[in-house]
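Notes follow once the structure below has been shown.
The values are calculated or read from the model by the stated rules, or taken from the named source; none is laboratory data. These numbers were taken from a predicted model, which means no experiment stands behind them. Don't worry about glycine lacking a Cβ; one is built from the backbone with ideal geometry, like all the others, and counts go over all protein chains shown.
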Amino acid sequence: MTAQFPDTFCLDGQGFDLVTIHGAPLFSPAEYGLFPMPRITACWRGYVCQYGLREERLVLEKLSLNLPEDAARPPIGGIVPEPFDRAVPRLFSTVYENLGLPVPFSGSLWIARGFIPELYVHMGFAPAWKYTQVRSLKFLDGRCTAQQDESQAMEAVRRQKAAQPESA
C-alpha cells in the first residue's frame, strides 16, 4: 500500500497532520450525499479533510475529494465547490474551501508536524511517534477542552524503538 495523504489540522496558524483519532469519526462525505472514489494510490479514501478551530470549536475548513464527473456537487453549509474543469489538472476533482462547518466530535485528536524522513515507510498513515512536534487535543461536543504537548513522550517512544533489536 502506498503512503496515504493524511487529513490536516490548522492550529495557531501552523499546519499539522492529523495522526490519531480517539472517538467517533469526524466527517463523512456520505452524510452529504457525496461518494468519493480513489483516483490516486496515495488517497484510497478519495478525499482529504482540513480541520481547524474557530473560537475553540472544531470545524471542517476544507474538503478535497474525487467525484465522478457526472456526480452532484451540492452545497455544504451554504458553500459550493470550485467549478469542475477537466482541463485543469489537479489531484482532486472537487474542492470546498472556507467551510467552517461545525464538527460535533467528542474524543481526542493527535496532530503532528515535523515528520522525520528517516522513519518513512511506503505504506499507510504515519504514526505520531514519527514526528518531532505532537499535540493532543480533547473535545466534548466539538468544543476543545484541553491541549497538551506530547512531543517528549513521542521522543521517548522513538528512543525505545531505536533500542529494540531488529527482528530477522
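Residues being under 14 Å from the mean Cα position of the chain (by Cα) and at pLDDT 95 or above: count how many of those fall in the range 29-45. Residues flagged as under 14 Å from the mean Cα position of the chain (by Cα) and at pLDDT 95 or above within the range 29-45 amount to 1. Is it the case that ILE76 is modelled with pLDDT under 95, touching a helix residue (DSSP H, G or I) at 6+ places or on another chain (Cβ under 7 Å) and among the β-branched types (Val, Ile, Thr)? Judged against the criteria, ILE76 is not a match.
Could you please find all residues in the range 1-50 being surrounded by fewer than 18 Cβ atoms within 10 Å (Cβ to Cβ) and either of a type in the set (Gly, Ala, Ser) or assigned to a helix (DSSP H, G or I) (or both)? Those that are surrounded by fewer than 18 Cβ atoms within 10 Å (Cβ to Cβ) and either of a type in the set (Gly, Ala, Ser) or assigned to a helix (DSSP H, G or I) (or both): ALA3, GLY13, GLY15, GLY23, ALA24, SER28, ALA30, GLU31, TYR32, GLY33, ALA42. Of the numbered criteria (1) crowded, with 16+ Cβ neighbours inside 10 Å; (2) over 30 Å from PRO75 (Cα atoms), the one TYR120 fails is (1). A single entry from GLY124, GLY114 fulfils the requirement of being outside the structural domain of CYS43 (by TED's automatic domain parsing), under 20 Å from GLN14 (Cβ atoms) and modelled with pLDDT under 95: GLY114. With respect to (1) modelled with pLDDT of 95 or more; (2) surrounded by fewer than 17 Cβ atoms within 10 Å (Cβ to Cβ); (3) closer than 26 Å to TYR131 by Cβ, the lone exception for LEU63 is condition (2). Taking the range 1-54 as the range and being without any contact (Cβ under 8 Å) to a residue 24 or more places away in the chain and over 19 Å from TYR131 (Cα atoms) as the test, the residues that pass are PRO25, SER28, ALA30, GLU31, GLY46. Out of LYS138, LYS161, one residue alone is touching a residue at least 12 places away in the same chain (Cβ under 8 Å) and in a helix (DSSP H, G or I). It is LYS161. Taking the listed residues ALA126, ALA153, ALA146, ALA112, the one that is outside any helix (DSSP H, G or I), of a type outside the set (Val, Ile, Thr) and either over 19 Å from the mean Cα position of the chain (by Cα) or exposed (fewer than 13 other Cβ atoms within 10 Å of the Cβ) (or both) is ALA146, with no other qualifying.
Basic (Lys, Arg) and farther than 14 Å from GLU56 by Cα - does that describe any residue in the range 124-144?
The answer is yes; a qualifying residue exists.
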